[in-house]
Amino acid sequence: MAKIETVIPELQEHINELHKDVVDVVAKHGEIQYVVDHYLQLTELLEIPQLLEACILNELFDSALDIVQLSNEMFQTDESVDASHNVIVNCLMREVMEMARAMRERLLQKLREDLQLALCVRIVGYLRRLDTFLMKEGATAMGSLEYEKQLKEEFLACRNVWLSSLSRGISSSDPYQYIVQVIDIKRTSWFDTVTQYSAIFGSENVDGKADPPLCRWATTTVADFIHTLMKYACYCKVELYEV
């Protein structure tokens, strides 16, 4: 009897350890079962970045923006909960934001191409909608006026890349013909750019003054044009003297 009493504490200790192991196994089994029960939903969540990338590559920007908006709504966490523990959600949201920034660069690249007015308006609309999500994730907030100024400058810079590409294919072997063709191209392309700008951003003055971004762009563009004219006009004079 005394021998049995000495073994009981040791037996109780083994029973407690066994109970602890069983509890751990049950908990892990519950987690595994949860994953199995929600396998399809988890798979769909993990495929979101790839789906978003496919939409961007195929220029399905409306669908891509819908995915970004849906992801933003799904992955929002309660501020009272420590979100650092949710590794999967954080990873997915980070990938979605990376793809959103890639989409923004793709849209800016589209603005550097030859575009009709309707497509220009649509692309800037995509940028506005996309930036609402990107600015939420940014470190600093931006006021509406500051953002509008930045968007105008980005638009003009992108369209300027397209404008510059138009005159690269013109042969400069005949200075006179080169100047004539450049003048014709600049006349139509400037008109198109200003028309697009006015349709997207409006033609109202800012604080009673002309639109600063548009004025800076026009001043720089005209100055470059005059420089080109003066450069090739000199060659035209030389040819006239030779004749």
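Nothing in this text is a laboratory measurement; each read-out follows from the coordinates by a stated rule. None of the values given here were measured: they were computed from a predicted structure. In this analysis, Cβ positions are derived from the backbone assuming ideal geometry, glycine residues included, and neighbour counts consider all displayed protein chains.
Below is a table of values for the structure above.
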read-out	value
Projected label distance in nm at residue 183 and residue 44, using a 7 Å step from Cα toward the beta-carbon	6.4 nm
Least to most buried among 188, 228 (fewest other Cβ within 10 Å first)	188, 228
Residue 13-residue 231 pseudo-label distance in nm [points 7 Å out on the Cα-to-Cβ vector]	9.1 nm
Förster radius 51 Å - calculated FRET efficiency between residue 24 and residue 153, Cβ distance, rounded to 0.05	0.30
